[in-house]
Amino acid sequence: MKFGVSTFITDQGISPTSLGTALEERSFDSLFIAEHSHIPAKRETPYPGGGELPDIYYRTLDPFVALTAAGVVTERLLLGTGIALIPQRDPIITAKEVASLDLVSGGRVILGVGIGWNREEMRNHGTDPTTRGRLTDERLHAMRDLWTEEQAEFHGEFVNFDPVFCWPKPVQRPHPPIYVGGGEGAFRRVARFGDAWLALGESPEKLGPQIERLRDLADREVPVAVYGVPDDPEQVEGYGRLGVERLLFYVPTMPERETLEHLDRLTGLVARYS
């Protein structure tokens with residue numbers, strides 16, 4: 001089992017350069033960071049976690065800028081989005097951003113994707129929340145074509161462009177791994193586009209039957225990563241018994257000193273399973 005970190009990088013917490021360096025020094029294999037382009041001042045969509053929306057959602061850095069900063073000061077750390085909100089992203093620009101980061105980092109990108117939950121936020125990007133699933137599928141398909149074809153074209157319900165050149169191409173071939181986030185509603189997307197399922201904090205007890213249903217649907221052994229894992233040894237052992245490929249411990253957004261102390265505690269836990 002591999003161990004990484006999931007977090008929100010904001011203007012009020014540890015910098016992406018300091019965090020990236022600290023993770024690599026402590027032998028974590030990956031950093032996955034969240035994305036929100038903005039939070040509408042008048043928000044009606046309930047926060048999925050319940051209660052008030054935490055401040056970190058309002059202050060996230062752009063994920064590809066932050067991951068580039070982390071990539072510059074590291075050599076081995078995998079750079080992941082957890083998750084990139086594909087319904088809010090132009091597919092041509094996003095394909096270029098992902099490929100550019102993969103090139104400058106030497107092939108270390110993992111693209112975690114999802115459809116989002118904040119309906120007001122996605123409407124501000126011109127996205128109809130009721131069709132965001134189909135939109136996401138088309139954009140992922142188009143991005144794969146842009147990465148793998150010298151002249152790509154796409155003509156769909158939402159995405160439409162004639163033959164184009166789009167460079168650079170990713171270092172990783174055929175493209176960086178795509179981790180599809182979400183619950184069971186995302187399983188068909190995982191089966192079609194996913195190199196792995198990015199499960200969002202499910203306990204081992206709930207996750208086991210879900211993995212079986214996913215693999216039955218996909219008709220293959222889909223790798224599983226779990227996002228937002230608590231530092232609970234019993235849960236870590238439970239994920240290990242399920243054959244989970246990667247655990248992403250949740251690290252609260254804090255100043256540098258507090259973050260490093262938290263990482264040291266996680267390092268002690270991870271050492272039990274090395």
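Laid out as a table, the results:
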item	result
When residues of region 42-66 are limited to those that are touching a helix residue (DSSP H, G or I) at 6+ places or on another chain (Cβ under 6 Å) and more than 19 Å from THR127 (Cα to Cα), the one surrounded by the fewest Cβ atoms within 10 Å (Cβ to Cβ)	PHE64
Test set (1) acidic (Asp, Glu); (2) over 22 Å from ARG192 (Cα atoms); (3) in a helix (DSSP H, G or I) - ASP162 fails condition number	(3)
Residue check for PHE28: closer than 17 Å to GLY201 by Cβ and crowded, with 16+ Cβ neighbours inside 10 Å	no
Members of region 106-139 found to be over 17 Å from the mean Cα position of the chain (by Cα) and in a loop (DSSP other than H, G, I, E, B), listed by number	GLY106, ASN124, HIS125, GLY126, THR127, ASP128
Unmet requirement for PRO252, which otherwise passes all of (1) closer than 16 Å to ILE33 by Cα; (2) not in a loop (DSSP other than H, G, I, E, B)	(2)
For TYR227: the one exception among (1) of a type outside the set (A, V, I, L, M, F, W, C); (2) part of a strand (DSSP E or B); (3) surrounded by fewer than 19 Cβ atoms within 10 Å (Cβ to Cβ)	(3)
Residue match in region 167-180 (condition: modelled with pLDDT of 95 or more, in a helix (DSSP H, G or I) and within 22 Å of ARG241 (Cα to Cα))	no
Matching residues, region 221-274, being under 20 Å from the mean Cα position of the chain (by Cα), over 10 Å from MET1 (Cβ atoms) and basic (Lys, Arg)	none
Hey, GLU157 farther than 21 Å from ALA218 by Cβ, more than 17 Å from the chain's Cα centre (by Cα), without any contact (Cβ under 8 Å) to a residue 12 or more places away in the chain and surrounded by fewer than 22 Cβ atoms within 10 Å (Cβ to Cβ) or not	no
Single unsatisfied condition, TRP147 versus (1) closer than 16 Å to LYS96 by Cβ; (2) aromatic (Phe, Trp, Tyr); (3) over 19 Å from the mean Cα position of the chain (by Cα)	(3)
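The values are calculated or read from the model by the stated rules, or taken from the named source; none is laboratory data. The shown structure was predicted, so the numbers you read here are calculated from the model rather than taken from an experiment. Neighbour counts are summed over all protein chains in view; Cβ atoms, including those assigned to glycine, are modelled from backbone coordinates with ideal geometry.
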